[in-house]
Amino acid sequence: MPIGTDDLLVTLGDYVDRGPDSSAVIDWLIHRGRGGGLVALRGNHEVMMLQSRASEAVLRSWLACGGDATIASYATEGSVGRLVDVPDAHWRFLEGTRSWFEIETHFFVHANAYYDLPLTEQADFMIYWERFSEFDPPHNSGKVMVCGHTPQRDGRPKSVGHAICIDTWAYGGEWLTCLDVASGRYWQANQRGETRSGWLEDRSSRSLDDV
């Protein structure tokens, strides 16, 4: 999918950990954001990375959750990588990531949102850590939620009408998904360099009696 300079790209977090070059991912996001066409949300892996600076316990937990690969992507030749190797510009980018974002028809979070609370009152656990569930009620704003975090292991985004999860298990060998929320068309790429596209389908578990 070619992204134009006038397009607004909303990224849902988890730019770091497990992948082979987290530092290059953040470099790309910083470059994209210079033109004003990027809204970068924070994921739970960015939360762990930021908190690891102040807590040895969090640092150990983060390293065990893929942070070791992130640190390695910053390593200078002959070293294994350390937190101090992360450049200030990358820390500023991480600190500037948002918890949520909304437009007239949709709102975007990394993980999930309480249906009966405005976005300004959501708890960090829900925004960054909670699993997506097709059985959650629609948000009381009437807007469609777009989230990641919960891998759809069949490699297809899951839409239940009022909510869409586009985590399609890229780190597990499946697909990375980009969704045009206006049309419902999505584009995907995987680690083998393959690409494909499709259209959202309502994949809720409602029976015919519910329609």
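Yes or no, residue by residue, for (1) outside the structural domain of D14 (by TED's automatic domain parsing); (2) closer than 21 Å to E201 by Cβ; (3) in contact with a Leu (Cβ under 6 Å, 6 or more places away or on another chain); (4) in a strand (DSSP E or B):
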site: F125; (1), (2), (3), (4): yes, no, no, no
site: F132; (1), (2), (3), (4): yes, yes, no, no
site: F135; (1), (2), (3), (4): yes, yes, no, no
site: G142; (1), (2), (3), (4): yes, no, no, no
site: V146; (1), (2), (3), (4): yes, yes, no, yes
site: P151; (1), (2), (3), (4): yes, yes, no, no
site: D154; (1), (2), (3), (4): yes, yes, no, no
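Would you point out the residue of the range 180-191, among those that are at pLDDT 95 or above and either outside any strand (DSSP E or B) or charged (D, E, K, R) (or both), that is nearest to F107 (Cα to Cα)? Steps first, please.
Step one: list which residues in the range 180-191 are at pLDDT 95 or above, which gives 180-190.
With the extra rule that they be either outside any strand (DSSP E or B) or charged (D, E, K, R) (or both), the set shrinks to 180-185.
On the way: D180: 13, V181: 10, A182: 12, S183: 15, G184: 15, R185: 17 Å.
Here the residue is V181.
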Checking the structure you have, find out if any residue of the range 21-36 is surrounded by fewer than 17 Cβ atoms within 10 Å (Cβ to Cβ) and in contact with a Gly (Cβ under 6 Å, 6 or more places away or on another chain).
no
Is there a residue in the range 181-192 that is under 13 Å from the mean Cα position of the chain (by Cα) and surrounded by 14 or more Cβ atoms within 10 Å (Cβ to Cβ)?
no
When S141 is evaluated against the numbered criteria (1) surrounded by 17 or more Cβ atoms within 10 Å (Cβ to Cβ); (2) under 23 Å from P118 (Cα atoms), which criterion, by number, is the only one it fails?
(1)
Note down all Cβ pairs under 9 Å where the first residue falls in the range 30-53 and is within 14 Å of H149 (Cα to Cα), the second is part of a loop (DSSP other than H, G, I, E, B) and modelled with pLDDT under 95, and they're at least six residues apart or on different chains.
H45/R18
Sort through F135, F125, F108, F101 and tell me the only one that's within 18 Å of E46 (Cβ to Cβ) and either surrounded by fewer than 17 Cβ atoms within 10 Å (Cβ to Cβ) or at pLDDT below 95 (or both).
F125
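The values are calculated or read from the model by the stated rules, or taken from the named source; none is laboratory data. Treat the numbers as computed from the prediction; the structure is a model and nothing was measured. All Cβ positions, even for glycine, are placed from backbone atoms using ideal geometry, and neighbour counts span all protein chains on display.
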